[in-house]
């Protein structure tokens, strides 16, 4: 491993001066200039001192940024980000915090250094493939694993980000993703498990264990740079990751010996990365509404965020996991192969790999030519195909249309129009992003995409800055990155009613509480079902867990007061605490893995839940209004509860807005 120092952009290299030890002279019309001996001795002394300093500089491992021989990338430069506060005086409990960009196909690791960003190289590269190979001799990760994938397809594992934390019972599309993988995956306990064959024996490993090997390699790069052990990190995750997937990411990091201080949504990191180069917003005296469009290799994410007084808040997001930048790259290649097969008859291309490679190469060349010419031709022996720019646009039309639909969906969730947007940020592979950029700019009526950060650097910059804050190195007072709850969270009360505690679209982190009481005399415990959903009867919502508080003192029905506190933090964990207020007895429930739609991401089920609530709002109201409120408690379950007013609270009443969205209001 070596490191690359990301230095300020545009800094010229220092001029190298060489002392020859000879008298310097100039011949001009036979005019001889002699240098005094004392000047010559001074120059020689300065040169010797420079040599000694340079030797000590090379011996310092932090300054050794020499590239691995034949490494493909050159060190890339980047300006230190401007700040909007004063330098911190206090030291952080996390002296070194590394930032990991956990991508679909590649990951990167960096850290804040001297107001800039340091990217640690693995195998001489700025990014590390999410590939892990299991061989009879041991485990390989990164480029070494990827390079031998063709020779060891059944034991080389990649694309595990699509498997992390997913349950087949909740997400049937998991099986479709598994079917596309060349290695063996089985379902065990409702989750994907990889089946390997090593040293003549079968071995089963989890996706978390696989990703941990990549994270170990990333960590090793940082450890070598700092010359000391470290374990604190901030990691990016897709906005569509549910709580299962986020927890699985943290589990992988734990296996790798890392302590995850924070998970940051990719679009949030991208917004932070761009705003740090945006001086008028970094001064914390303006407000912006930003659309972040992330084009992954196999996914699309759209997020609408607000940046106000240095606070980043996600207002809404949308996207999909079945389409991405690779589809843009492959669209023309697939068309060329189809046309070749149609014109050449029954030729089996599976037996002619050379022809396939030739067609792929020709397709890429044609696509490059079409970026500057209206027409291009593919010619291979007797096969000829003319492609126009309009043909290429039609091949990409589905992706363009889908992208616009996702942007509109995210804007609708944020209750904004495209004319409200201040900035448009695109992230992802620069080549792929360039294909879609003109169409997105046209959708936003000519608004230009921000270009102050390269599209594949914004996410890393943002997460590095988060690491800088947590390490105490950031010269700022405070900066925040917030998400929102995708659906309301609450409890079941007597009569099968759903009592909301944290409303939908609440900014996270948040803490809300409700008081409940018993419904029977001398009730020894209460059973609290934790609910997520938007309809007033729990039969139409989801029960994700149960909390039981036992050992209650014997009291008449309605006399005890039990506080139910809901806390949602940036680590995606819901903490529900039940406290009996008379004697302080407590029970805690942690919803680590089941609140699957907590982030307003791409899930079809999330949109369906919201639409279902809107369509049934009037019917639900009629059913709610017809309830005999007085008999609900009497006929309730043995360990049931009802909500009671807290100090200063007002009774709730039913309402729905003009557009049909129902809810409760004080």
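For the range 449-534, which fully contained strands (runs of 3 or more DSSP E) count at least 3 residues that are under 21 Å from the mean Cα position of the chain (by Cα), at pLDDT below 90 and within 30 Å of residue 611 (Cα to Cα)?
Working: elements: 480-484, 489-493, 497-502, 510-518, 526-532.
So the answer is 480-484.
Under the condition of being touching a strand residue (DSSP E or B) at 6+ places or on another chain (Cβ under 7 Å), at pLDDT 90 or above and over 17 Å from residue 266 (Cβ atoms), which residue from the range 403-419 is surrounded by the fewest Cβ atoms within 10 Å (Cβ to Cβ)? Working first, answer last.
Let us first name the residues in the range 403-419 that are touching a strand residue (DSSP E or B) at 6+ places or on another chain (Cβ under 7 Å), namely 403, 406-407, 409-411, 413-414, 416.
Narrowing the set further to residues that are at pLDDT 90 or above leaves 403, 406-407, 409-411, 416.
Going one step further and asking which of them are over 17 Å from residue 266 (Cβ atoms), we end up with 409, 411, 416.
On the way: 409: 19, 411: 21, 416: 17.
Here the answer is 416.
Write out, first by first residue and then by second, each pair whose Cβ atoms fall under 9 Å of each other, whose residues are 6+ apart or on separate chains, and whose first residue, in the range 422-441, is at negative phi and touching a residue at least 24 places away in the same chain (Cβ under 8 Å) while the second is part of a strand (DSSP E or B) and surrounded by fewer than 16 Cβ atoms within 10 Å (Cβ to Cβ).
That search, which allows pairs on different chains as well, returns 422/287.
Regarding residue 385, is this residue part of a helix (DSSP H, G or I), more than 22 Å from the chain's Cα centre (by Cα) and crowded, with 19+ Cβ neighbours inside 10 Å?
Here the answer is no, as residue 385 does not meet what is asked.
All but one of (1) outside any loop (DSSP other than H, G, I, E, B); (2) in contact with a strand residue (DSSP E or B) (Cβ under 7 Å, 6 or more places away or on another chain) hold for residue 442, so report the exception by its number.
(2) is the only condition that residue 442 fails.
One line per residue, one yes/no per condition, for (1) buried (at least 23 other Cβ atoms within 10 Å of the Cβ); (2) touching a residue at least 24 places away in the same chain (Cβ under 8 Å); (3) in contact with a strand residue (DSSP E or B) (Cβ under 8 Å, 6 or more places away or on another chain):
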| site | (1), (2), (3) |
| --- | --- |
| 233 | yes, yes, yes |
| 236 | yes, yes, yes |
| 246 | yes, yes, yes |
| 249 | yes, yes, yes |
| 255 | no, yes, no |
| 259 | no, yes, yes |
| 264 | yes, yes, yes |
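Among the residues of the range 193-219, which ones are over 21 Å from residue 95 (Cβ atoms) and under 18 Å from the mean Cα position of the chain (by Cα)?
207, 208, 211, 212, 214
When you scan the range 136-146, do you find a residue that is touching a residue at least 60 places away in the same chain (Cβ under 8 Å) and more than 19 Å from residue 184 (Cβ to Cβ), even just one?
Yes; the residues of the range 136-146 include at least one that is touching a residue at least 60 places away in the same chain (Cβ under 8 Å) and more than 19 Å from residue 184 (Cβ to Cβ).
So which of 533, 558 is at positive phi and crowded, with 19+ Cβ neighbours inside 10 Å?
533
Considering (1) within 21 Å of the chain's Cα centre (by Cα); (2) in a strand (DSSP E or B); (3) within 18 Å of residue 209 (Cα to Cα), say which one residue 133 fails and leave the rest.
(1)
Would you check if residue 222 is outside any strand (DSSP E or B) and under 14 Å from the mean Cα position of the chain (by Cα)?
no
Among (1) at pLDDT 85 or above; (2) under 31 Å from the mean Cα position of the chain (by Cα), there is one condition residue 374 misses while meeting the rest; what is its number?
With (1) at pLDDT 85 or above; (2) under 31 Å from the mean Cα position of the chain (by Cα) applied to residue 374, the lone miss is (2).
Considering the range 589-644 alone, what residues qualify as being under 41 Å from the mean Cα position of the chain (by Cα), modelled with pLDDT of 60 or more and farther than 24 Å from residue 566 by Cα?
Those that are under 41 Å from the mean Cα position of the chain (by Cα), modelled with pLDDT of 60 or more and farther than 24 Å from residue 566 by Cα: 608, 611, 612, 614, 615, 616, 617, 618, 619, 620, 621, 624.
Kindly list the number of the only condition in (1) crowded, with 19+ Cβ neighbours inside 10 Å; (2) touching a helix residue (DSSP H, G or I) at 6+ places or on another chain (Cβ under 6 Å) that fails for residue 182.
(1)
Kindly establish whether residue 154 is part of a helix (DSSP H, G or I), surrounded by fewer than 15 Cβ atoms within 10 Å (Cβ to Cβ) and either out of contact with any helix residue (DSSP H, G or I) (no Cβ under 9 Å at 6 or more places or on another chain) or in contact (Cβ under 8 Å) with a residue 40 or more places away in the chain (or both).
yes
Restrict the check to the range 108-120 and report whether at least one residue is in contact with a helix residue (DSSP H, G or I) (Cβ under 7 Å, 6 or more places away or on another chain), in a loop (DSSP other than H, G, I, E, B), modelled with pLDDT under 90 and surrounded by fewer than 17 Cβ atoms within 10 Å (Cβ to Cβ).
no
For the structure I just gave you, tell me whether residue 406 is in contact (Cβ under 8 Å) with a residue 40 or more places away in the chain and over 22 Å from the mean Cα position of the chain (by Cα). I'd like the intermediate steps shown before the answer.
Working: in contact (Cβ under 8 Å) with a residue 40 or more places away in the chain: yes; over 22 Å from the mean Cα position of the chain (by Cα): no.
Answer is no for this residue.
The values are calculated or read from the model by the stated rules, or taken from the named source; none is laboratory data. Predicted, not measured: the structure shown is a model, and the values here were computed from it. Ideal geometry is used to build each Cβ from the backbone, glycine not excepted, and the neighbour counts take in all protein chains shown.
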